[in-house]
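The values are calculated or read from the model by the stated rules, or taken from the named source; none is laboratory data. Computed from a predicted model, the values in this text were never measured in an experiment. Reconstructed Cβ throughout: ideal geometry from the backbone, glycine too, with neighbour counts over all protein chains shown.
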């Protein structure tokens with residue numbers, strides 16, 4: 001299947017194979033949050049059994065979402081991923097709202113949040129004020145946007161190299177933690193949880209942010225060789241690798257640190273390394289996190305503009321956004337616009353506000369994606385090459401739990417929730433304004 005022509009002056013080229021696609025799955029998920037989110041989760045849920053249950057539920061939801069995404073990718077292997085799935089299975093209006101939310105909140109917010117974690121760990125080596133930290137985060141966004149501007153191969157190779165390095169390093173950290181932390185009797189005890197039922201969804205939501213990014217490889221289906229086979233395989237392999245790494249790394253944190261330290265830490269990975277390796281451990285782990293976040297950021301910066309490209313193909317009014325560079329064959333204008341807006345979010349938001357808004361907005365659309373799969377399976381011309389197991393129970397449960405978590409986030413923080421939802425809904429009149437100039441599906 002040839003790559004679709006863009007509304008500008010070039011075409012996207014199919015150059016990504018299974019190793020690169022798998023590296024994108026692993027690299028975008030294992031980025032920054034696993035080195036920070038355990039503190040966010042344990043602060044909400046200071047009970048080791050409950051905390052591990054929250055991580056397990058977040059992992060199961062991620063695997064279920066990956067299975068749903070894999071099936072839809074085999075049916076609709078075009079550039080744009082979730083945007084294309086919602087467009088084809090529900091309606092073009094829902095797909096447009098996803099792309100709208102991605103730009104203004106979800107994807108740009110992920111970029112901003114991870115860039116801030118990157119800068120926070122750079123601060124271990126170079127003292128940074130609050131504003132210097134933000135400037136370092138913005139510099140990382142701009143540098144990686146420049147790399148991806150000059151070609152998807154450059155971005156994907158950078159991603160693959162960083163992914164391999166950090167998986168090896170995380171494996172070494174896990175082995176060192178269990179080998180040298182045996183004499184640290186901290187894997188004990190819990191603190192009273194005043195409202196277990198109320199705090200458990202908050203902890204799961206924080207865990208989901210750490211698992212976030214599993215769907216992003218579908219954004220580059222139009223640049224992937226044999227996308228109907230490659231994307232599902234990459235999702236399956238990547239989700240398995242990440243789940244194993246996350247479970248083991250969290251056990252290490254709880255094994256070598258007191259629960260109170262995990263709760264209060266802003267750099268829990270570095271604190272765990274100090275407990276295991278001594279004073280030099282903080283520098284080692286901080287260096288790992290810097291490399292890990294930089295690599296994840298590179299993949300996320302690469303992937304977002306592919307959705308905006310697909311949106312521009314569908315809507316002539318946005319054709320300028322989807323222009324493909326005649327030399328580099330990348331959606332260069334979308335890359336630039338994304339970099340600018342993500343930098344604005346870095347300058348105006350806090351880490352917690354960014355990841356909270358991302359989770360509840362993103363998972364509303366994931367619930368809709370599962371509903372779309374249920375509807376698509378009933379169509380006689382449904383073109384899926386891969387059928388996910390557990391149908392219909394898995395997509396039904398996934399949709400219900402995803403919607404419940406999103407609703408919890410809005411109810412627990414109504415002001416921010418209403419503002420976030422209004423930001424998404426503003427996209428609806430925009431869609432109907434440009435709809436008369438939309439191209440028809442082919």
Which residue, of 260, 287, 298, is over 30 Å from residue 86 (Cβ atoms) and under 22 Å from the mean Cα position of the chain (by Cα)? 287
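Answer with yes or no whether residue 303 is under 30 Å from residue 91 (Cβ atoms), touching a residue at least 40 places away in the same chain (Cβ under 8 Å) and touching a helix residue (DSSP H, G or I) at 6+ places or on another chain (Cβ under 9 Å). Reasoning before the result, please.
Details: under 30 Å from residue 91 (Cβ atoms): yes; touching a residue at least 40 places away in the same chain (Cβ under 8 Å): yes; touching a helix residue (DSSP H, G or I) at 6+ places or on another chain (Cβ under 9 Å): yes.
Yes: the conditions hold for residue 303.
Inspect all residues belonging to region 231-251 and state whether any of them is crowded, with 20+ Cβ neighbours inside 10 Å, touching a strand residue (DSSP E or B) at 6+ places or on another chain (Cβ under 8 Å) and more than 19 Å from residue 168 (Cβ to Cβ). So that I can check it myself, show each step before the final result.
Narrowing region 231-251 to residues crowded, with 20+ Cβ neighbours inside 10 Å: 231-232, 234-235, 238-239, 242-243, 245-246, 249-250.
If we keep only those that are touching a strand residue (DSSP E or B) at 6+ places or on another chain (Cβ under 8 Å) as well, we get 231.
Retained after the next criterion (residues that are more than 19 Å from residue 168 (Cβ to Cβ)): 231.
So far as region 231-251 goes, yes, one or more of its residues are crowded, with 20+ Cβ neighbours inside 10 Å, touching a strand residue (DSSP E or B) at 6+ places or on another chain (Cβ under 8 Å) and more than 19 Å from residue 168 (Cβ to Cβ).
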State all residues of region 408-417 that are touching a helix residue (DSSP H, G or I) at 6+ places or on another chain (Cβ under 9 Å) and in a helix (DSSP H, G or I); if no residue qualifies, say none. 408, 409, 410, 411, 412, 416, 417
Of the residues 397, 373, 405, which single one is assigned to a helix (DSSP H, G or I), closer than 18 Å to residue 83 by Cα, touching a helix residue (DSSP H, G or I) at 6+ places or on another chain (Cβ under 8 Å) and touching a residue at least 60 places away in the same chain (Cβ under 8 Å)? 373
Between a residue in region 412-426 that is closer than 12 Å to residue 97 by Cβ and any residue that is modelled with pLDDT under 80 and surrounded by 11 or more Cβ atoms within 10 Å (Cβ to Cβ), which pairs come within a Cβ distance under 8 Å, given they are 6 or more apart or on different chains? 421/410
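What about residue 344, is it within 22 Å of residue 216 (Cβ to Cβ), modelled with pLDDT of 85 or more, surrounded by fewer than 24 Cβ atoms within 10 Å (Cβ to Cβ) and out of contact with any helix residue (DSSP H, G or I) (no Cβ under 7 Å at 6 or more places or on another chain)?
Values: within 22 Å of residue 216 (Cβ to Cβ): yes; modelled with pLDDT of 85 or more: yes; surrounded by fewer than 24 Cβ atoms within 10 Å (Cβ to Cβ): yes; out of contact with any helix residue (DSSP H, G or I) (no Cβ under 7 Å at 6 or more places or on another chain): yes.
Here the answer is yes, as residue 344 does meet what is asked.
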What do you reckon, is residue 365 within 22 Å of the chain's Cα centre (by Cα) and more than 27 Å from residue 133 (Cβ to Cβ)? yes
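For every residue, the table says whether it meets (1) touching a residue at least 12 places away in the same chain (Cβ under 8 Å); (2) buried (at least 22 other Cβ atoms within 10 Å of the Cβ); (3) touching a strand residue (DSSP E or B) at 6+ places or on another chain (Cβ under 8 Å).
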| position | (1), (2), (3) |
| --- | --- |
| 310 | yes, yes, no |
| 314 | yes, yes, yes |
| 320 | yes, no, no |
| 323 | yes, no, no |
| 331 | yes, yes, no |
| 335 | yes, yes, no |
| 338 | yes, yes, no |
Return a yes/no flag: does region 347-368 have any residue that is part of a helix (DSSP H, G or I), modelled with pLDDT of 85 or more and surrounded by fewer than 20 Cβ atoms within 10 Å (Cβ to Cβ). yes
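Listed here are the residues, each with its yes/no results for (1) in a loop (DSSP other than H, G, I, E, B); (2) at pLDDT 80 or above; (3) buried (at least 24 other Cβ atoms within 10 Å of the Cβ); (4) touching a strand residue (DSSP E or B) at 6+ places or on another chain (Cβ under 6 Å).
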{"residue": "42", "(1), (2), (3), (4)": "no, no, yes, no"}
{"residue": "53", "(1), (2), (3), (4)": "no, yes, no, no"}
{"residue": "60", "(1), (2), (3), (4)": "no, yes, no, no"}
{"residue": "74", "(1), (2), (3), (4)": "no, yes, no, no"}
{"residue": "96", "(1), (2), (3), (4)": "no, yes, yes, no"}
{"residue": "100", "(1), (2), (3), (4)": "no, yes, no, no"}
{"residue": "105", "(1), (2), (3), (4)": "no, yes, no, no"}
{"residue": "108", "(1), (2), (3), (4)": "no, yes, yes, no"}
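Among the residues of region 383-402, how many are under 21 Å from residue 88 (Cβ atoms), modelled with pLDDT of 85 or more and buried (at least 16 other Cβ atoms within 10 Å of the Cβ)? Working first, answer last.
Here is the first cut: in region 383-402, the ones under 21 Å from residue 88 (Cβ atoms) are 383-388, 391-392, 394-396, 398-399, 402.
Imposing the further condition that a residue be modelled with pLDDT of 85 or more reduces the set to 383-384, 387-388, 391-392, 394-396, 398-399, 402.
Pick out the ones that are also buried (at least 16 other Cβ atoms within 10 Å of the Cβ) and you get 384, 388, 394-395, 398-399, 402.
The total comes to 7.
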Criterion first (loosely packed, with under 15 Cβ neighbours inside 10 Å, touching a strand residue (DSSP E or B) at 6+ places or on another chain (Cβ under 9 Å), within 30 Å of residue 83 (Cβ to Cβ) and at pLDDT below 80) does residue 225 satisfy it? yes
